[in-house]
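Shown next, in structure tokens, is the structure this report addresses.
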């Protein structure tokens, strides 16, 4: 069973997705059963995988596709970091989405693609070579597009078209880079320290081109400036989708890809020698500041969160590009932390929109009195983002800062501090309005979703769960089971032994 | 059965079936046709299996060896194309009768005549894939061309007949050029057998003129830009099952013949820049076909123009004349055959169910026909060359070849073509997914029967699976690689 | 120049004239006739080649090819004419 | 030798009839006149040519075949002429 | 080559080209068809000059005769009323005209250069055919090639022929041509006289094809001519395509041919490898089948499918 396990992890959600497609709208119970069953099953399979990898077991599934090109699934510790995050958040998001989409049309289609999308993410995480990574990377584009345009409105279609244009072009660049590398050196199997064989004899010029193609390809999904244009318009998607895109699947896949390409394809030493890391770090820093600045100007909550995502995801890229073990730990752990915090914020935004019809920061006045639990979660997430100790965001930023010093690149600390200040500048007003301003006479579009609670439990519980998780990961970062510990394990075992 | 006999059966059985289907009362034809399809398809797959196991198979008809006699030859390429035809034919046999019953605009007896005509077409395709003799291939081309025109005319409306007439005139003209080329080759070499001709031909005036004429003739039939103008009308106005046959299979037959003639006869004597011209035309076709497809307002015209674009990919091999590109080209022919057949059948279903084929009126159609639009999406994935489809594998190989040769314009064209394909396929899906829920639409109501919806889905799935099982066709193909490419 | 070569050249001229007519003439019936003349030109080339060298027996293979070609051509022409008639009747509003 | 000479004369005479018939076909004013010229000339012309060829053929079998050809062509020509004439009359009456 | 024959050949070739030009440039469709028929007859003469009597026979019968009849019948149908045929746009602009002219000229030059550059003596398969005639089922080389050495081509050609009928019928029936001459008593008289001759000469041509020019195609065309005359005179009636027997007869040649091919295959000898001694008989059987089929096919292509209902009208 061992070698089939990675495939099984992917198939669980993929088959569930296909099965859900065939369901009729009214087959509500069956759809929920399939959704949750697959999510729980997947999470437990990932648990088995996690334990195995922790003990140093090797899992590897391969299927030859063409001569010298195979589909290879080989989960390493880094893969597990991403995989566990996605499996866990999928379960939570599924529950949330069931509550969120109650009574809306085309639910079978929605949940079908939702499951497929998570399969693609799992594939990206476990990809053992560049081709496999490319395959699942493109599949992710395909399966998320229907989710982005799910509402079918003119705005949604427009957002979807932009999303496609960006990601398909990114995929095309990645495709060329991948084929190029395969043509020159044969199969590119992810290897810590670089996949290029000794004495590959490639000129720096060629390597720079390839690095550019690969990184630009993943950079689109990572929303690296100037490739970030799709993300704010993709906001038209339903809240669970935004949550998934921002916290789990798409942008994370991009950031994860950056790490893979730097550390497992080029090898960090070569990447540094080519100057790739410097360029990347500068771009990441620019993105961090640019995203924050733009977020300041947004009144729409989801758009503000979207620009915040652009900014926050680049912490991961920055951590990876600083070239140093501690910075890398900071970047990797932010993959998880940002996921938890951002999903909290999106769930809150969804709750506000569904329950009160609140879409804008300016409408938040007194929301804390009407929906205290939701706003508590929002506050936790926002403060975490700002980097207030002992929340999760603080841990990431702390490691990044120390890492910058260790790498002798102290100037990044300036970026981090500035970014934190900007974070505070766009989050604190929202929190202030929610708690300290009086509520309006009527909410824009209030709906009674629950008689006893502030909103439907299906919406509330997942929100509280992820908020709690982001608190706990910060509080107990030092515990051996924390994401931080796992990130350190990755860095120690693989990249900076 | 002797494996060599299979080759003969593969041509004669569909011929015999065509005659039987013509004689049989109209009420019997569907059952007989389906039975015949099953038989022919099994023979084709059996032959592919034999070739995979034992390598190429040759048979001299009447035991008269070439140069006097006629040879049929099944190598990896033939086996793959035969198998493709069989794999398209099987779902089609389920879909076509259901389609003709439902479609009122088609001629009343179109369903009855579809079977004998399609069997003739199948015989011609098999013959062309197996032909080892230039003149025999001419007869095959005429058989295929006439059957194709008659199939288009089954559409019945004026537009279909006009397209059929134009198709007929151009197909005949193409055959004439081909025959003229063959005449010159016979004058130069005194033989008609492909292999023998390849072994003895010299680069003189006659052989160059012959190459030019044969290539032009076959290009017209394959509809490479700038000879594509007949294709969109013919493919778009034909009945949907016929469009699937024409776009998926028929244009490939003349392409395969061109491939053989080019690489087995002429490549050894050197072609100069001629291959470059074909490659450049291929690029032009990709761009122009895609741009036209984007402008179309009718779904079947869009799909037909997509064929023009996708055929362009096939011709890149002539400029990137290496083994990898050859494999990529053939793989592309296979995956396009499956995907395009699926797409045309699905398009036909959409027209049947909605009563129109206007793209901008498709709003919300995906909700009514989820399975059909899922098929469109799956087939689209293969046409766009997105993983893990057959189209992806094909583009992978072609890209490898282009990069290996340092031919960057081709790299850009191959990838750009994918993006352009996305540019015309996604809007189709977007329109279908757009729009809010229509309360009048009863949930779960079936607008189309299973016989209509599942065959295209099967084809699209096969196109997708081809990407995961690309090694199988590749290993078949390695047995039939032209010597000049090895 | 011998007689057979002369006729092959005549065949070439026929093919060229017919090519011109095929693309410059407008009525489908004329274009069909042009194709038939082109076919005759090609057959002439084939048979001329078979007889090119005086004193030898004519090569029967091109003869057989031309016979086949004639039948194929007439089949295609006949079908084309039926198609044309069908179109004309559609144009007249008959069924 | 005499036979050959006779044959040549016969064929030559036949050809003159053909030429005359053709001229008539081209120059006469209306359909009936043209038919008149054509059939008369052709029947006799072909007869003379056939006779000449029969002399050259040198066997009764060939001569018989040529006779048959002549008779058949005459029958066909006559019928065709009658049809064309009938057709033209019908056209005129319309 | 003596001066007279040289002059004759030159004249023949030039008039052929001239006639083709006139045909294609003729101002009226009727004129074009008539000239095309004349062109076909002249072609037949050229074939005879080129020692190709088989082709001369076929050209006169099929190329000129049958095609001409088909063209005339179609024209009669087309000229009834305003029928909105898809007439192509005329070529506009001198540039297009020039390009087209250059293409035609280019084709001619290309062919001329190629033909003049051919090896002499040209390679030929004649040397392959003649020694094998003893083993073949026919002693006339062309028939041997058509029905033995390259019988596969011929089989498929018959398939094309049947396909043409199927294709034509798939378009539905079209009206009986030339109703105006139906019933001419003179014509009926002629047909009554000619019919036995036609059948006789068809049989003769088939039999002769085994050792001399002639064969199924020529014979079939003679039969077809007889059939078309029957239809024209009103003595015969177009056949009823709805009746399976007619369709079976139309397909009979193909059935026999594929039957022989598959039979020889099943007997283990390889397709179309006639067992020793049976070659002549099998070829004769095929030829008879082909004659019937070809005759019927041409009639069917001329008359179109008539269904019983229309016939009664």
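The values are calculated or read from the model by the stated rules, or taken from the named source; none is laboratory data. Because the structure is predicted, anything quoted here is derived from the model rather than measured. When we count neighbours, we look across all protein chains shown, and the Cβ atoms used for this are built from the backbone with ideal geometry, even at glycine.
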Out of the residues in region C:46-56 that are within 7 Å of another protein chain (Cβ to nearest Cβ) and surrounded by fewer than 24 Cβ atoms within 10 Å (Cβ to Cβ), which is modelled with the highest pLDDT? C:53
Tell me the helices (runs of 4 or more DSSP H) entirely within region E:8-90 that contain at least 1 residues that are more than 18 Å from the chain's Cα centre (by Cα) and surrounded by fewer than 23 Cβ atoms within 10 Å (Cβ to Cβ). E:29-49, E:67-78
Inside region B:228-241, can you point out the residues that are over 15 Å from residue B:87 (Cα atoms) and touching a residue at least 24 places away in the same chain (Cβ under 8 Å)? B:228, B:230, B:231, B:232, B:233, B:234, B:235, B:236, B:237, B:238, B:239, B:240
Condition test on residue A:223, is it under 15 Å from the mean Cα position of the chain (by Cα) and not in a helix (DSSP H, G or I)? yes
Is it the case that region B:322-332 has a residue that's closer than 22 Å to residue B:452 by Cα and crowded, with 24+ Cβ neighbours inside 10 Å? no
How many residues, within region B:15-40, are in a helix (DSSP H, G or I), without any contact (Cβ under 8 Å) to a residue 40 or more places away in the chain and closer than 17 Å to residue E:162 by Cβ? 3
Looking only at region E:49-70, count how many residues are farther than 19 Å from residue C:8 by Cα and more than 7 Å from chain C (Cβ to nearest Cβ). 7
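Out of the residues in region D:54-67 that are closer than 23 Å to residue D:9 by Cβ and within 14 Å of another protein chain (Cβ to nearest Cβ), which is nearest to the chain's Cα centre (by Cα)?
Filtering region D:54-67 for residues that are closer than 23 Å to residue D:9 by Cβ and within 14 Å of another protein chain (Cβ to nearest Cβ), the one nearest to the chain's Cα centre (by Cα) comes out as D:67.
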Scan of region E:25-38 for residues that are facing chain C (nearest Cβ under 7 Å) and either out of contact with any helix residue (DSSP H, G or I) (no Cβ under 8 Å at 6 or more places or on another chain) or closer than 16 Å to residue E:64 by Cβ (or both), ordered by number: E:32, E:36
Is one or more of the residues making up region B:73-92 out of contact with any strand residue (DSSP E or B) (no Cβ under 7 Å at 6 or more places or on another chain), outside the structural domain of residue B:459 (by TED's automatic domain parsing), crowded, with 24+ Cβ neighbours inside 10 Å and over 30 Å from residue B:152 (Cβ atoms)? no
Condition met for residue B:225 (away from every other protein chain (no Cβ under 12 Å), at pLDDT 95 or above and over 22 Å from residue B:92 (Cα atoms)): no
In this structure, is residue B:212 surrounded by fewer than 24 Cβ atoms within 10 Å (Cβ to Cβ) and either within 14 Å of another protein chain (Cβ to nearest Cβ) or not in a helix (DSSP H, G or I) (or both)? yes
Regarding region C:27-45, can at least one residue be identified that is surrounded by fewer than 24 Cβ atoms within 10 Å (Cβ to Cβ), more than 7 Å from every other protein chain (Cβ to nearest Cβ) and not in a helix (DSSP H, G or I)? no
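Residues checked against (1) at pLDDT 95 or above; (2) not in a helix (DSSP H, G or I):
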| position | (1), (2) |
| --- | --- |
| A:161 | no, no |
| A:164 | no, no |
| A:173 | yes, no |
| A:182 | no, no |
| A:187 | no, yes |
| A:194 | no, yes |
| A:199 | no, yes |
| A:205 | no, no |
What's the number of the only condition in (1) over 30 Å from residue B:152 (Cα atoms); (2) at pLDDT 85 or above that residue B:180 fails to meet? (1)
Looking at (1) within 14 Å of chain C (Cβ to nearest Cβ); (2) modelled with pLDDT under 90; (3) buried (at least 23 other Cβ atoms within 10 Å of the Cβ), which one does residue E:253 not meet, given that it meets all the others? (2)
Sole residue being more than 10 Å from every other protein chain (Cβ to nearest Cβ), touching a helix residue (DSSP H, G or I) at 6+ places or on another chain (Cβ under 9 Å) and closer than 20 Å to residue B:294 by Cβ, chosen from B:391, B:385: B:391
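From the list E:217, E:239, which residue is within 30 Å of residue E:172 (Cβ to Cβ) and either within 11 Å of another protein chain (Cβ to nearest Cβ) or exposed (fewer than 15 other Cβ atoms within 10 Å of the Cβ) (or both)?
Within the list E:217, E:239, the selection yields E:217.
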Assuming residue A:88 fulfils every condition listed in (1) more than 10 Å from chain B (Cβ to nearest Cβ); (2) surrounded by fewer than 24 Cβ atoms within 10 Å (Cβ to Cβ); (3) under 29 Å from residue B:432 (Cβ atoms) apart from one, which condition is it? (3)
Could you check residue B:172 against (1) under 30 Å from residue B:232 (Cβ atoms); (2) surrounded by 24 or more Cβ atoms within 10 Å (Cβ to Cβ); (3) more than 8 Å from every other protein chain (Cβ to nearest Cβ) and say which number it fails? (3)
Taking region A:26-81 on its own, how many of its residues are out of contact with any strand residue (DSSP E or B) (no Cβ under 7 Å at 6 or more places or on another chain) and within 30 Å of residue A:95 (Cβ to Cβ)? 37
Residue E:13, sole failed condition from (1) more than 7 Å from every other protein chain (Cβ to nearest Cβ); (2) over 17 Å from residue C:77 (Cα atoms): (1)
Please enumerate the residues belonging to region B:344-372 that are without any contact (Cβ under 8 Å) to a residue 60 or more places away in the chain and crowded, with 24+ Cβ neighbours inside 10 Å. B:350
Checking the condition under 28 Å from residue B:135 (Cα atoms), at pLDDT below 95 and within 9 Å of another protein chain (Cβ to nearest Cβ), which residue from B:69, B:76 passes? B:69
Picking from C:21, C:34, C:13, which residue would you name as being at negative phi, modelled with pLDDT of 90 or more and within 10 Å of the chain's Cα centre (by Cα)? C:34
Residue identified as modelled with pLDDT of 90 or more and within 14 Å of chain B (Cβ to nearest Cβ) among A:51, A:14: A:14
Would you check if residue A:214 is part of a helix (DSSP H, G or I), within 11 Å of chain B (Cβ to nearest Cβ) and buried (at least 18 other Cβ atoms within 10 Å of the Cβ)? no
Please count how many residues of region A:226-237 are closer than 22 Å to residue A:346 by Cα and in a loop (DSSP other than H, G, I, E, B). 3
